[in-house]
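Here's the structure, in structure tokens; my notes come after.
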């Protein structure tokens with residue numbers, strides 16, 4: 001293996017140490033950040049995420065509330081809960097765990113969350129602020145990637161940056177954050193022609209496509225920094241990313257593993273947003 005490993009667990013632990021001190025300082029001013037997490041239905045992956053968010057709150061001294069709603073919850077009931085949480089003074093951040101059951105309108109639910117409490121940064125108002133570079137919250141996964149690049153001392157300014165994936169949650173905001181750091185950014189997607197030709201130009205390659213081992217060694221420029229946002233299962237049921245890790249390690253200059261790369265950063269950045277919301 002030639003590539004330097006970018007250790008998300010270590011970077012996350014360092015940031016959480018700083019946040020713990022920040023929460024303690026706020027407590028002396030009589031402020032306790034509060035996060036409400038809403039889970040509709042019993043999706044196993046979502047249940048794991050919610051538990052991890054609870055643990056992170058406990059670790060940092062953030063107050064948390066959990067709302068577990070049955071899968072048959074109506075749109076009206078969910079919107080009524082969001083409205084109630086918008087008005088709760090002890091709750092600074094609201095997170096509705098996605099995906100929601102099929103009969104619920106995710107867009108309407110996201111739109112109902114107060115932009116001031118939208119710690120996922122999915123509300124259209126917060127998305128617009130990210131576009132113009134005047135933001136309070138950043139989407140957790142792209143923000144975590146930027147922290148990993150900073151910790152690994154990877155220069156973004158002037159570099160060719162390629163993002164594979166154009167989702168509202170990762171791909172689009174990821175491209176915008178790299179652009180704010182003066183990267184030269186290309187977004188690739190399912191209709192991109194000659195994908196490998198485009199990705200081979202990248203000094204920084206971010207894979208957020210949701211397909212196991214999609215990025216192969218022949219798609220990566222020698223010495224590139226490769227960030228793997230994917231979380232998949234391979235043919236043996238083992239956790240893996242969007243990047244063919246073993247093969248790409250021989251070409252890349254630096255790479256994030258799965259697990260232990262981007263994953264630990266996502267919840268850490270959610271905590272950062274919750275603390276920021278409490279300071280308003």
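Observations
- Value in Å of the Kirkwood radius, where the range 30-115 supplies the Cα pairs that are averaged: 13.3
- Length released on extending from residue 107 to residue 218, taking residue separation times 0.36 nm less the Cα-Cα span: 36.1 nm
- Residue among 210, 102, 183 with the largest mean-square fluctuation in a Gaussian network model of the chain, springs linking Cα atoms under 10 Å: 102
- Fully extending the segment from residue 28 to residue 68 would add 11.2 nm, taking 0.36 nm per residue of separation and subtracting the current Cα-Cα distance.
- Tensor-based shape of the range 139-262 (alpha-carbon gyration tensor, a/c under 1.5 rounded, otherwise prolate or oblate): rounded
- The range 182-213-the range 32-107 distance, computed between alpha-carbon centres (Å): 33
- Counting neighbouring beta carbons within 10 Å and listing from fewest to most, the residues 105, 203 come out as 105, 203.
- Nearest 10 degrees, 0 to 90: helix 75-86 Cα axis against the chain principal axis: 80
- Fraction of beta bridges assigned by DSSP in the range 22-121 that are antiparallel (%, nearest 5): 0
- Hull-based mean projected area of the chain, where the convex hull spans the alpha carbons, in square nanometres: 14.7
- Between helix 44-60 and the chain: long-axis angle, C-alpha atoms, 0 to 90°, nearest 10: 70
- Helix 171-180 vs. the chain, principal-axis angle (Cα, 0 to 90°, nearest 10): 80
- The chain - share of DSSP beta bridges that are antiparallel (%, nearest 5): 5
- Ordering 129, 4 from the fewest to the most neighbouring beta carbons within 10 Å gives 4, 129.
- With the Kirkwood sum run over all distinct C-alpha pairs, the range 87-143 has a hydrodynamic radius of 12.1 Å.
- Among 45, 124, 21, residue whose mean-square fluctuation peaks in a GNM of the chain (springs only between Cα atoms under 10 Å): 45
- Pairwise label distance in nanometres, residue 155 with residue 168, each label 7 Å out on the Cα-Cβ vector: 3.7
- Between the beta carbons of residue 246 and residue 196, assuming R0 = 22 Å, the FRET efficiency works out to 0.75 to the nearest 0.05.
- Extension gain, residue 20 back to residue 234 (0.36 nm per residue minus Cα-Cα distance, nm): 73.4 nm
- Going from the fewest other Cβ atoms within 10 Å to the most, the residues 110, 62 appear in the order 110, 62.
- Within a Gaussian network of the chain (alpha carbon springs, distance under 10 Å), most fluctuating of 123, 180, 103: 103
Every number in this text was worked out from the coordinates using simple rules, so none of it is lab data. What you see is a predicted model; the values in this text were computed from it and never measured. Heads up, the Cβs are rebuilt from the backbone with ideal geometry, glycines too, and the neighbour counts pull from every protein chain shown.
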